[in-house]
């Protein structure tokens with residue numbers, strides 16, 4: 001007879017007692033596949049090309065479905081099931097839809113995903129593989145969100161809405177906690193350190209900001225995370241084809257700029273009207289960070305350089321952070337010996353982008 005032994009909390013769930021924002025997380029049975037605790041690897045050759053000596057990539061494409069979305073989705077689906085939901089409805093350009101479908105399957109729930117009709121084919125295949133119903137929606141990203149919102153209003157359905165739902169941000173706080181641990185281990189004591197990541201709806205950015213800004217004054221007990229000795233500067237990366245945060249930052253405005261979206265290789269951050277936009281700009285200001293938009297051509301070059309110099313295959317959306325970091329280094333915003341974490345949010349196997 002085989003006895004099932006209780007396993008210690010690992011991944012994002014080891015931070016259960018530290019998550020801020022929703023008390024339901026503390027009691028919801030965890031729906032998990034080991035998300036979080038993703039690798040942190042040095043970018044020695046890439047950094048040398050850009051005059052940076054201490055650059056590290058956080059490889060969130062190593063999460064179970066291939067993107068950072070699993071951090072927030074594990075928390076969100078756990079609470080949804082705990083409150084009695086039986087069906088998930090998600091709107092997504094691909095990664096969040098795949099994550100919702102996977103965690104719904106894990107939880108024994110059904111799932112419908114509304115996605116842009118032109119979303120990358122590998123992401124759409126992945127959604128279907130988990131048994132979810134996939135409904136392609138023509139038109140802009142906002143049309144996809146509207147369709148899902150209407151479908152999620154029926155009894156028994158839970159609209160995941162990762163771009164709006166605060167539970168998704170709760171799970172993404174785990175990124176900030178993990179980077180704080182890494183910064184402490186790498187010796188950032190009193191020295192400048194930075195986090196650069198792609199920003200569309202801003203769930204990952206705000207999750208990290210909440211964890212890091214909160215942890216600076218938290219008292220820790222035995223076995224809990226010791227906060228890093230300083231707060232990092234947070235930098236948002238966007239594409240010039242859709243840059244409401246970067247344009248607002250450049251103008252010194254507190255709210256996202258009104259932009260006209262153009263087709264872009266960075267589908268994961270193609271959000272014209274980010275729900276959390278004002279909060280993102282506030283967090284940038286609070287940490288002394290910045291927002292940078294680079295052209296798609298520069299972003300694809302950054303994707304290719306990362307693969308050829310470091311062996312890391314990132315989707316174009318992720319590569320926007322590398323392109324932004326290169327510009328920040330060239331401008332002197334980030335110094336040669338500053339500690340830098342760049343977040344590779346998704347695997348290029350899911351969205352290689354154009355050659």
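Quick note: the coordinates plus some simple rules give every number you see, no bench work behind them. The structure presented is a predicted model; accordingly, all values stated were derived computationally and were not measured. FYI the Cβ positions are ideal-geometry reconstructions off the backbone, even for glycines, and counts take in every protein chain you see.
Packing around the peptides 124-130, 274-280, taken as the average count of other Cβ atoms within 10 Å per residue, puts them in this order, highest first: 274-280, 124-130. Going by the alpha-carbon gyration tensor, a ≥ b ≥ c the square roots of its eigenvalues, is region 69-159 rounded (a/c under 1.5) or, if a/c is not under 1.5, prolate (a/b greater than b/c) versus oblate? The shape class here is oblate.
The mean sequence separation of alpha-carbon pairs under 8 Å and at least six residues apart, normalised by the residue count of region 26-77, gives a relative contact order of 40 percent. The stretch between residue 150 and residue 295, if pulled fully straight at 0.36 nm per residue, gains 48.8 nm over its current Cα-Cα span. For the pair residue 23 and residue 181, the difference between a 0.36 nm per residue extended length and the Cα-Cα distance amounts to 54.5 nm. Using the Kirkwood radius over Cα pairs, work out the Stokes-Einstein diffusion coefficient for region 32-84 at 10 °C and 1.306 mPa s, in µm²/s as a whole number. Value of D from the Cα-based Kirkwood radius: 123 µm²/s. Between residue 279 and residue 142, the contour length at 0.36 nm per residue exceeds the Cα-Cα span by 47.3 nm. Diffusion coefficient of the chain by Stokes-Einstein, Kirkwood radius over Cα pairs, 20 °C, 1.002 mPa s: 106 µm²/s.
Where a ≥ b ≥ c are the square roots of the eigenvalues of the C-alpha gyration tensor, would you call region 1-147 rounded, which needs a/c under 1.5, or, failing that, prolate if a/b is larger than b/c, or oblate?
Oblate, because a/c is 1.5 or more while a/b does not exceed b/c.
Estimate the FRET efficiency between residue 33 and residue 251 by the formula 1/(1 + (r/R0)^6), using the beta-carbon distance for r and 41 Å for R0, to the nearest 0.05. My answer for the efficiency is 0.45. A simple spin-label model places pseudo-atoms 7 Å from Cα toward Cβ; at residue 117 and residue 355 they are separated by 2.7 nm. Placing pseudo-labels 7 Å out from each Cα toward the beta carbon at residue 309 and residue 16 gives an inter-label distance of 4.2 nm.
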